[in-house]
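Asker: One structure, pasted below without further comment.
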Amino acid sequence: MMEQASQSGIILKSKYAGGAARALPYLKNTGISEQLPSAGVSEFPRKQTLFFEGDSADAIFEICTGTVELYKTFLSGRRGVLGFFRAGAIVGFAMDADYPYSAEAVTPCQVRRISRASLDRVLGRSPSFAKRLLEATCRELTVTQEKMFILSRKSPAGKVAWFLLQHKRPPACAATGMPVVEMPMSRADIADYLGMAPETLCRTLTKFKRDGLILADTPYRVRLRNIAKLTRLAEEACN
């Protein structure tokens, strides 16, 4: 993999870029590319682990492209899914010396590894980057609090509606007006994250399609047709 600096960030040549160099905009406005020129971008194929629970927490990871799943492993060997993170997210923060969870690539990913020592230096001289990390931490805390409320209720429809709204993206074509939700993760992992059986998740999605709330383009991509109704379902789950 070849890298070179540019004004907008890192120019990366990889098989995911079709052999052509392209700029990764995730570095814009932080100044981190100038302050950490040696912190390169690595590629992780699907199902490859970024770090394991219990590994030394000597770095954080900025997701440039793709989707990463965080999970904990129970004594029985079963995995408990903590969340799914996409481009722009930063994972790997740890209060202790070791990571409290594992991180795995759900799709092919490009990830920027930033050592804790380098991070400490950057935080001391880059207020914009320190602000971004604080905002990311606040967002994660807010989502965690919302999830606690959602999972304390019994409505599968409310849980699934909340999940879809959390993961929606603007439509590729503004004329359609329907936000898109990419779901490359398995139904079993989504169900585990929401605290329900995979069969319940599938039945709920089927009902949403039948009721005109979503439109399924593929098994891994849906469009949200009725944001207002989905929002009401998600809010009702918290009442």
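Any read-out appearing in this document is the output of simple, stated calculations on the displayed coordinates, not a laboratory observation. Because the structure is a prediction, the values reported are computed rather than measured. Cβ: placed from backbone, ideal geometry, glycine included. Neighbour counts: every protein chain shown.
Asker: Can you order the peptides 208-215, 119-126, 189-196 by their average number of other Cβ atoms within 10 Å per residue, highest first? Mind showing how you got there, number by number?
Answerer: Numbers: 208-215: 16.2, 119-126: 13.9, 189-196: 19.5.
Top of the packing list down: 189-196, 208-215, 119-126.
Asker: Follow-up. Can you compute the modelled spin-label distance between Glu235 and Arg169, with each label point 7 Å from Cα toward Cβ, in nm?
Answerer: Inter-label distance under the simple model: 2.8 nm.
Asker: Another question, then. Could you tell me which of rounded, prolate or oblate describes the stretch 186-239, using a ≥ b ≥ c as the square roots of the eigenvalues of the alpha-carbon gyration tensor, with rounded for a/c under 1.5 and, failing that, prolate when a/b is larger than b/c and oblate otherwise? Present the calculation step by step, with values, prior to reporting the outcome.
Answerer: Numbers: a/c = 1.97, a/b = 1.09, b/c = 1.80.
Oblate.
Asker: Between Leu75 and Arg210, how high is the FRET efficiency from 1/(1 + (r/R0)^6) when r is the Cβ-Cβ distance and R₀ = 35 Å? Nearest 0.05.
Answerer: Working: r = 40 Å, r/R0 = 1.15.
Taking R0 as 35 Å, the efficiency between Leu75 and Arg210 is 0.30.
Asker: Sorting check: for 135-144, 58-67, which peptide has the highest mean count of neighbouring beta carbons within 10 Å, and how do the rest follow? Walk me through the numbers before you get to the answer.
Answerer: Numbers: 135-144: 12.0, 58-67: 20.7.
Order by mean packing, descending: 58-67, 135-144.
Asker: I've got another one for you. Which value in Å does the Kirkwood hydrodynamic radius of the stretch 39-142 take, with 1/r averaged over all unlike C-alpha pairs and then inverted?
Answerer: When all Cα pairs of the stretch 39-142 are included, the Kirkwood radius is 14.1 Å.
Asker: Cross-link list Lys72/Lys147; Lys47/Lys131; Lys72/Lys159; Lys72/Lys207: which exceed 25 angstrom alpha carbon to alpha carbon? It would help to have the intermediate numbers written out before the result.
Answerer: Values: Lys72/Lys147 17 Å; Lys47/Lys131 32 Å; Lys72/Lys159 21 Å; Lys72/Lys207 31 Å.
Going by Cα-Cα distance, Lys47/Lys131; Lys72/Lys207 fall outside the 25 Å limit.
Asker: In addition: Working out 0.36 nm times the residue gap between Arg221 and Leu134, then minus their Cα-Cα distance, what length gain in nm do you get to one decimal? Intermediate values should be presented prior to the final figure.
Answerer: Numbers: separation 87, 0.36 × 87 = 31.32 nm, distance 3.10 nm.
My answer for the length gained is 28.2 nm.
Asker: Counting alpha carbon pairs within less than 8 Å and at least 6 residues apart, what relative contact order, in whole percent, applies to the stretch 39-142? It would help to have the intermediate numbers written out before the result.
Answerer: Values: 206 pairs, mean separation 39.9, N = 104.
The normalised contact order for the stretch 39-142 reaches 38 percent.
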